[in-house]
Each structure stands twice: as structure tokens, then as C-alpha cells.
Amino acid sequence: MAALFLLISPAPSPSPSPLPQQQGPALRALLIGSDTFLSRENTYPIAQNNLSMLEHALEKDIRGYKAIHTYHDEIGHPAALERAIESAFSHVEEDDISLLYFSSHGIDPENGKSGLYLSDGMEETILTPEQLYALTSSIPGKKIILLDACNSGAFIGKGSASLSVSHPFTGSDYLLITSAGASEASWQWQGEGELASGSSYFTAMLAT
């Protein structure tokens, strides 16, 4: 976990005198969140707030992100995700770091499968670990994947006796962190009324 924070956590805020951008790998991020679903309960404004918090945190990183692409209720199919990945990471080189974040629903792996919902409010599909690996494996350099979803530990075979520990994200170029085990909920809070707000605890801690 310490390695994760070294790679993605915002560095301390710069002093009043602007600091020069540090030399190092180019950082890029693709942040995806869904609040509106066809077969599951809607979560608005949880994913929207998660995206906003994380985007603001990354913008404060004094190393500087070359690009941060954010999609809220816009990715409902793996084909749309593929286009977003190509747009965000088309100029990545071997020494670069690419961050991919999801805030959504996960599926309960009781049937031996695992997946993450992609939804844009009109189309909804389930993204499997194998599909996510296929879409990201050709990105050069280090790939950090953050999954903020219930049952997301199933993507790495953690948290359920019914799942094999085998998963495709085994290379040294991958760092995949989940907000919950395969059989756990990813906790969130949501207010009530006209000014309701909320977020997930996982992303709130990442963005702190």
C-alpha cells in the first residue's frame, strides 16, 4: 500500500514560490464513474463526487499530470471504454505511469464470476477482469488500476473461498487496488434532501 501512495498520492502543496515541475515519468489518468444504472440502484451523486475529489487531488500533484480524462455516466460498454483508453493513453511511453480509476457497482461472485458494471444510463454491461486486462495490457509502462466497487476484490481473486487466486494482473507493470474483498461491500455515505451529497470512504481517503 505504501508503494501505491508514493505513485498516486498528491505530493505536499508547494510553497508560495512556485516550484519547477520535477523530472520523471509522465503521469496520465483516466477516471470513470457511473451513478445511473438500468438493473441496479442509482448512486447519484456518489460516483460524481468521487470523480471530482480524485481529479482535484491529482491536479494538486506537483509532479504534474499531462492529462486527466474524466467520464461520468458516459461509459456503458467495453467499446466505449476502449475508445476512452485510446484517447487518454495514446502517447504513453515505457517509463510513464497511467492511472485508471472506476467508481461503480461490482457483481457478487457467488456464481464464480466477477465483474464491474459499466453504465451510461441508457446502456449497461458488465466488464470482466479478462476484458479489462485485454483493454489495458498494451498500454506501455506502469499501470495503476483502482476499483471502487462492491465485490471488486474478485478481480484479483481476494476475499472469497469460491474464487481462484489466479488473475491476469500479475505482471510487474500492474498495480491493482480494490476498495473491497470479493464478498464485501464498498462502503459509501449519502445525504438526504435537496442538497444531498456523498462519496465512498475509499476514494475520500485516497483524495485526502
Task: Cut-off 11 Å between beta-carbons: net charge of the residues surrounding HIS105, Lys and Arg +1, Asp and Glu -1 - done: -4
Open item on the list: Can you compute the charge dipole magnitude of the range 55-183 about its Cα centre, using +1 on each Lys and Arg Cβ and -1 on each Asp and Glu Cβ, nothing else charged? Give it in debye, rounded to the nearest 20.
Closed with: 400
- [ ] At most 16 other Cβ atoms within 10 Å and a DSSP loop assignment: could you name the trypsin sites (Lys or Arg not before Pro) in the range 110-153 that fit?
- [x] LYS113
TODO: Determine which lysines satisfy two conditions relative to LYS60: a Cα distance under 30 Å, and not lying fewer than 8 residues away in the same chain.
DONE: LYS142, LYS143
Task: Local electrostatic count at SER199 - Lys and Arg +1, Asp and Glu -1, tallied over other residues with Cβ under 14 Å - done: -3
Open item on the list: Report the Cα centroid-to-centroid distance between the range 27-82 and the range 117-191 in angstrom, as an integer.
Closed with: 15
TODO: Go through the range 62-72 residue by residue and turn each phi into a ³J(HN,Hα) via Karplus (6.51, -1.76, 1.60, θ = phi - 60°); whole Hz please, and just put x for glycine and proline.
DONE: 5, 5, x, 8, 5, 7, 10, 9, 10, 10, 10
TODO: Bin all alpha-carbon pair distances of the range 71-182 at 5 Å intervals from 0 and give each bin's fraction as a whole percent.
DONE: 2, 12, 23, 24, 20, 12, 5, 1, 0
Open item on the list: Just to verify a number: FRET efficiency for ASP108 and TYR201, C-beta to C-beta distance, R0 = 22 Å, to 0.05?
Closed with: 0.65
TODO: Would you mind checking which residues have amide H under 5 Å from LEU176's amide H? H placed 1.01 Å from N; only 5 or more apart, or other chain.
DONE: ILE145
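Each value in this text was obtained by applying a stated rule to the coordinates, not by laboratory testing. Computed from a predicted model, the values in this text were never measured in an experiment. Please note: Cβ atoms are built from the backbone with ideal geometry, for glycine as well, and neighbour counts cover all protein chains shown.
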